[in-house]
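Working notes, beginning with the structure itself.
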Amino acid sequence: MLLTLLKRIIPGRRVLLLAAAAACALPPAPAAAHTRVEMTAPADGDTAHGAVREVRLRFSRGVEGALTTLSLSRDGNHVASGGTGVPQTDGREYVLALPRPLDPGAYEVQWKTVGADGHVLQGSFDFVVAADPAAPVTAPPPTAAAVAAEAAPPPPPPGEAAGEV
């Protein structure tokens, strides 16, 4: 039946019809990949066991450096923000240098940029800074009762009554 139909179609259109049928049978071509995050340091979900002095983010493609920001927060409180491009990475890697090492706790990094294709990209990742086991342990502050006990005069020696000489 198909051969009969093809014989009735004009020869030039037959080639066009076969080409269209072949195109439909082929798998779709992969779409052009959008810019995505390739790496973060500290890694998303990681627990850092040393001093964290910077946060890094690397994209799969170059992004607009002037429109790239990283914002670090802990318990919803702003810690640091900014971010500068790392030289010789073709606009793919950015670093947020911190003024001092991070205290132990849970942190969130929110980032925003514009890809080379003009799409606005944003996201976040989390990490934890573990307490340094080598750090000295400080005693908790004294309680009010402990301070009052230290300030009270010592009790009289046994056998002496109060007021007797």
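The values are calculated or read from the model by the stated rules, or taken from the named source; none is laboratory data. Note that the structure is predicted; figures quoted are calculated from it, not measured. Backbone-built Cβ (ideal geometry, glycine too); neighbour counts: all protein chains shown.
Is one or more of the residues making up region 94-112 in contact with a Leu (Cβ under 7 Å, 6 or more places away or on another chain), farther than 25 Å from ASP132 by Cα, surrounded by 13 or more Cβ atoms within 10 Å (Cβ to Cβ) and hydroxyl-bearing (Ser, Thr, Tyr)?
yes
Tell me the strands (runs of 3 or more DSSP E) entirely within region 50-123 that contain at least 1 residues that are on the phi > 0 side of the Ramachandran plot. Spell out how you get there, then give the answer.
Numbers: elements: 54-59, 69-74, 77-82, 93-97, 105-114.
Here the list reads 77-82, 105-114.
With ASP75, ASP90 as the choices, which residue is at pLDDT below 95 and within 24 Å of ALA130 (Cα to Cα)? Even if it seems obvious, please write down each step before you answer.
Details: ASP90 fails: within 24 Å of ALA130 (Cα to Cα).
Going through ASP75, ASP90 in turn, the sole match is ASP75.
Just the residues that are in contact with a strand residue (DSSP E or B) (Cβ under 9 Å, 6 or more places away or on another chain), closer than 14 Å to THR35 by Cα and not basic (Lys, Arg), please, taken from region 66-93.
THR68, GLY91, GLU93
In region 49-58, what count of residues is obtained for those that are modelled with pLDDT under 95 and either surrounded by 11 or more Cβ atoms within 10 Å (Cβ to Cβ) or under 10 Å from the mean Cα position of the chain (by Cα) (or both)? Reasoning before the result, please.
Step one: filter region 49-58 for residues modelled with pLDDT under 95, giving 49-51.
From what is left, the residues that are either surrounded by 11 or more Cβ atoms within 10 Å (Cβ to Cβ) or under 10 Å from the mean Cα position of the chain (by Cα) (or both) are 49, 51.
The number of residues fulfilling the criteria is 2.
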